[in-house]
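For reference, the structure is listed below as structure tokens.
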């Protein structure tokens with residue numbers, strides 16, 4: 001029983017550390033409107049955090065995604081579990097289990113308004 005508590009704490013700490021690394025990596029590549037949604041208190045949430053940002057070009061969306069993966073691998077030795085959207089770079093999703101990262105091209109973010117779907121979640125905005 002004691003190991004379970006320790007593992008849950010480790011997972012929570014790891015999710016926060018991953019969140020901070022991802023946000024720093026986004027800012028390094030000049031991501032816009034960086035936010036996180038804490039879904040942990042919502043019933044039936046699919047993960048602990050959503051991190052969302054946008055950029056104005058396909059090239060920048062890809063660069064942000066690559067930088068996030070590189071920094072998380074370098075600092076946490078953790079690889080992305082699943083990724084989608086790499087081919088067209090309109091909306092790239094990086095799934096790290098407890099944390100799911102969304103990198104939108106600006107027009108796509110404005111269209112899908114993902115934040116509004118999770119309006120009950122605690123939202124934090126990160127300004128560089």
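Looking only at the range 11-44, how many residues end up being assigned to a helix (DSSP H, G or I), more than 12 Å from the chain's Cα centre (by Cα) and within 16 Å of residue 101 (Cβ to Cβ)?
Total satisfying the criteria: 3.
Identify, by number, the condition in (1) outside any helix (DSSP H, G or I); (2) more than 11 Å from the chain's Cα centre (by Cα) that residue 75 doesn't meet.
Failed condition: (1).
Scanning the range 86-108 for residues that are over 14 Å from the mean Cα position of the chain (by Cα) and either in contact (Cβ under 8 Å) with a residue 60 or more places away in the chain or in a loop (DSSP other than H, G, I, E, B) (or both), which turns out surrounded by the most Cβ atoms within 10 Å (Cβ to Cβ)?
The selected residue is 89.
Is it the case that some residue within the range 17-25 is farther than 14 Å from residue 126 by Cα and surrounded by 14 or more Cβ atoms within 10 Å (Cβ to Cβ)?
Yes, because at least one residue in the range 17-25 is farther than 14 Å from residue 126 by Cα and surrounded by 14 or more Cβ atoms within 10 Å (Cβ to Cβ).
From the list 36, 45, 65, which residue is more than 16 Å from residue 14 (Cβ to Cβ) and modelled with pLDDT of 95 or more?
Testing whether each residue is more than 16 Å from residue 14 (Cβ to Cβ) and modelled with pLDDT of 95 or more leaves just 65.
The values are calculated or read from the model by the stated rules, or taken from the named source; none is laboratory data. Remember, predicted model here, so these are calculated numbers, not experimental data. Virtual Cβ from ideal backbone geometry, glycine too; neighbours counted across all protein chains shown.
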